[in-house]
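Asks: So that we are looking at the same thing, I have put the structure below in structure tokens.
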Amino acid sequence: MTTALATDHRDLVLAGPVGSLDAYIVAVNAIPVLSRDEEQELARLFRENNDLNAARRLVMSQLRFVVHIARGYNGYGLPLNDLVQEGNIGLMKAVKRFDPDVGVRLVSFAVHWIRAEIHEYVLKNWRLVKIATTKSQRKLFFNLRKAKKFLGWLSQSETEAIANDLGVSAREVTEMEKRLAGHDMAFDPAPSDEEEKAYAPAHYLQGNTPDPAELVESDDWQRQTSGQLHSALQTLDQRSREILQARWLAEKKTTLQDLAKRYDVSAERIRQIEQRAIKLLQMELIEQ
């Protein structure tokens, strides 16, 4: 495990779990989250001037999110501190590749890199899936575990539905289900006195609170897509824009017949205007 000292002697920050995991979590939660402007400024300093101190501050500000993401993988029976460490590696890779000019927050970009590193660690260390090397097997491993939490043993129809959703064969679903069922994983590994607290059963229970990383990612995505849609709508003429808004964006949708009466044209003409406007919007969104 590694540590990094801030240039300011008053401030000690950690880059990975050291000693007590609880102490590490407390430490990373105490690190302030950067504002969008601060994040953009630091990202540009690192990207343009290779300012490593700026990169360090970006990494530190996101460590709390890595912990939240890593906790979602506790059910695989792997040590949480190792999951966090692997997630931190993904975070550092994300910071290295982060482009501030794209206009998204760092956590929205980094969450995919964090999960990718944790996925690789789980696949390499969970004994039953060391043969899960193909893309379909990897999808099955992570998605089938989630499905079986609610479905238990799969019926034929459920097996076929999952196979169809994941783009694999029903036989592959059945085979992976057998592999998962053949492994009795200890819920509470026998700990030493020093590790007893770190391996408490509470660490394996999923919390009901929303994942902050997913909330930020979702909020960024909604803002970005809403902005793109608003810009694309402004390229349409007023009538086409009003028809699309009435048909698709209003809380209470307007029928073709009602719009036909409003504009004194046929319902078929309204449908044609609607279809043409949708095609223009699609072209505009692709260009964006």
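Readers should treat all values here as calculations from the given coordinates under stated rules, not as data from a laboratory. None of these values were measured; they are calculated from a predicted model. Virtual Cβ from ideal backbone geometry, glycine too; neighbours counted across all protein chains shown.
Asks: Order by neighbour count: TRP113, TRP221, fewest other Cβ atoms within 10 Å first, most last.
Replies: Neighbour counts put them in this order, fewest first: TRP221, TRP113.
Asks: Taking segment 246-288, which GluC sites (Glu not before Pro) meet the DSSP loop condition and have no more than 14 other C-beta atoms within 10 Å?
Replies: Here the sparse-neighbourhood loop sites are GLU251.
Asks: Sticking with this one: How far apart, in nm, are the 7 Å Cα→Cβ label points at ASN74 and VAL102?
Replies: If labels sit at ASN74 and VAL102, their model points lie 3.0 nm apart.
Asks: Please arrange LEU80, LEU91, LEU166, LEU215 by counting, for each residue, the other beta carbons lying within 10 Å of its beta carbon, fewest first.
Replies: Ranking LEU80, LEU91, LEU166, LEU215 by Cβ neighbours within 10 Å, fewest first, gives LEU215, LEU166, LEU80, LEU91.
Asks: Enumerate by residue number the chymotrypsin sites (Phe, Trp or Tyr not before Pro) in segment 61-91 meeting two conditions: DSSP loop (anything except H, G, I, E, B), and at most 15 other Cβ atoms within 10 Å of the site's Cβ.
Replies: Passing sites in segment 61-91 do not exist.
Asks: Would you mind getting me the FRET efficiency between HIS119 and THR255? Use the beta-carbon distance for r and R0 = 51 Å, nearest 0.05.
Replies: That gives a FRET efficiency of 0.60.
Asks: Quick one, can you get me the convex hull of the C-alpha atoms of segment 214-288 expressed as volume per residue in Å³?
Replies: Spread over its residues, the Cα hull of segment 214-288 gives 90 Å³ apiece.
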